[in-house]
Amino acid sequence: MPNDDNDAWLMPAFEQMYRVLKPGRFAISFYGWPRADQFLTAFRAAGFRIVGHLVFTKGYASATKMLRYEHECAYLLAKGSPRTPRTPISDVLPWRFSGNKLHPTEKPLSVLRPLIRAFSYPGALVLDPFAGSGSTLLAAQQQRRRFLGIELDPGYHAIASKRLAPEAV
């Protein structure tokens, strides 16, 4: 993935995410465990409070090195003091393989929909500053949220646009 060989983008990206997030709202950030320290540093420097950690069990190994990597992780971040969700979700959730047909780090809609339901409300704006193939945006659309995605790669932007077109839904 472009820029995956360095973390120079991390701090500026989270500073801008914090800037545009309304007070009393949540952000969710998936991360790769080898870079957990860099992500934690960027979250805190931007002003985010870490209020939860999510683990998604895969049931298959996406890689095998010292261990079989069979999970994904995300941090639940807060700006200010958001209200507790009406129906809190588990911090351990199943991950259904998407096939990664549209993007190398594609997130399954079945993972994203519960996050959007729990940490936003109908009509709210969901921002995905690394939109890839648009899975978060599509999940937001399905949950009656407004959405805004940013994607630098023209090919992935085209895939996301096609998935979000009215005739595709």
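Quick note: the coordinates plus some simple rules give every number you see, no bench work behind them. All of these numbers come straight from a predicted model, not from anything done at the bench. Glycine gets a Cβ as well: all are built from the backbone with ideal geometry, and neighbour counts include every protein chain shown.
Structure summary
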| quantity | calculated |
| --- | --- |
| The chain - share of DSSP beta bridges that are antiparallel (%, nearest 5) | 70 |
| Centroid-to-centroid separation of region 1-70 and region 132-169 [C-alpha atoms, Å] | 21 |
| Positive-end extreme of charge dipole, the chain - chosen from 125, 95, 105 (charges on Cβ) | 125 |
| Where GluC sites (Glu not before Pro) fall in DSSP loop in region 1-106, at most 11 other Cβ within 10 Å | none |
| Binned Cα-Cα distances of region 19-60, short to long, each 10 Å bin given as a whole percent | 21, 53, 21, 5 |
| The chain: relative contact order in percent, alpha carbon pairs under 8 Å with at least 6 residues between | 17 |
| Diffusion constant of the chain at 4 °C, which comes from Stokes-Einstein with the Kirkwood Cα-pair radius and 1.567 mPa s, µm²/s | 77 |
| Helix-derived mean residue ellipticity, 222 nm - over the chain, DSSP H n ≥ 4, -39500 (n - 2.57), to 500 | -9000 deg cm²/dmol |
